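The structure appears below as structure tokens.
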Amino acid sequence: MIGTKEFGHRKTFEHSAWHLETRRGYASDREDPGYAEFLANGTAPCDLDSEWCVNIRRQTQDGKYVGRVRVVDSPPTEGQLFLLSYARCSAATGEDVRNLWREDAERLRMPAQDFWLFDSRLVAVLRFDDKDTFQDVEIITEPAEVLRYR
């Protein structure tokens, strides 16, 4: 396992990074000042000069693929609405952001936990507590397990 600090510093990959988001909300979003702004005006702020956006834009400009699929409830939760609004910022960095209804994800038997797949060879399963707080990451490199997530 690696902790939040170590995982948060992972900024590079060789050719691709893909993320599945399955939670109905994230404590880190609710703690962000932009979340209150979203609640007040219905639009998530977009800081394209943030460290995250600058990194993703640099990666995509270098020809790397960055994508995510967000599983969304019907109707979407408040946290999901925040992320749906924020998707325009992610897209502006070159990230391929898509959404999938939860019922479709369940029908397709997609994993029920958040994870990143880096370079089609490393899976980082993100673990959260009951209050949606990020706890740690399980790194999987065993080829048969990685294939299961792919």
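The values are calculated or read from the model by the stated rules, or taken from the named source; none is laboratory data. What you see is a predicted model, and the numbers here were worked out from it, not measured in a lab. Cβ: placed from backbone, ideal geometry, glycine included. Neighbour counts: every protein chain shown.
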- Query: Does Leu48 qualify as being closer than 22 Å to Asp96 by Cβ and surrounded by fewer than 17 Cβ atoms within 10 Å (Cβ to Cβ)?
  - Reply: yes
- Within the range 56-87, count every residue that is part of a helix (DSSP H, G or I) and among the acidic types (Asp, Glu). 1
- Message: Looking at the range 66-87 only, could you name the residues that are out of contact with any Gly (no Cβ under 9 Å at 6 or more places or on another chain) and within 22 Å of Tyr149 (Cβ to Cβ)?
- Response: Gly67, Arg68, Val69, Arg70, Val71, Val72
- Item | Total residues in the range 99-125, condition aliphatic (A, V, I, L, M) and farther than 21 Å from His15 by Cβ | 5
- Message: I want to confirm something. Restricting to the range 20-44 and keeping residues that are surrounded by 17 or more Cβ atoms within 10 Å (Cβ to Cβ) and in a helix (DSSP H, G or I), which single residue is modelled with the lowest pLDDT?
- Response: Gly34
- Task: Determine if the range 64-85 includes at least one residue that is surrounded by fewer than 17 Cβ atoms within 10 Å (Cβ to Cβ) and at positive phi.
- Result: no
- Message: List pairs: first residue in the range 45-71 and touching a residue at least 12 places away in the same chain (Cβ under 8 Å), second residue basic (Lys, Arg) and in a helix (DSSP H, G or I) anywhere in the structure, Cβ distance under 6 angstrom, at least six positions apart or on different chains.
- Response: Val71/Arg102
- Item | Among the residues listed as Arg121, Arg58, Arg102, the single one being in contact with a strand residue (DSSP E or B) (Cβ under 8 Å, 6 or more places away or on another chain) and of a type outside the set (Val, Ile, Thr) | Arg102
- Please go through the range 83-94 and pick out each residue that is more than 11 Å from the chain's Cα centre (by Cα) and of a type outside the set (Lys, Arg). Leu84, Ser85, Tyr86, Cys89, Ala91, Ala92, Thr93, Gly94
- Query: (1) part of a helix (DSSP H, G or I); (2) within 15 Å of the chain's Cα centre (by Cα); (3) surrounded by fewer than 17 Cβ atoms within 10 Å (Cβ to Cβ); (4) modelled with pLDDT under 95: which one isn't true of Cys53, the others all being true?
  - Reply: (3)
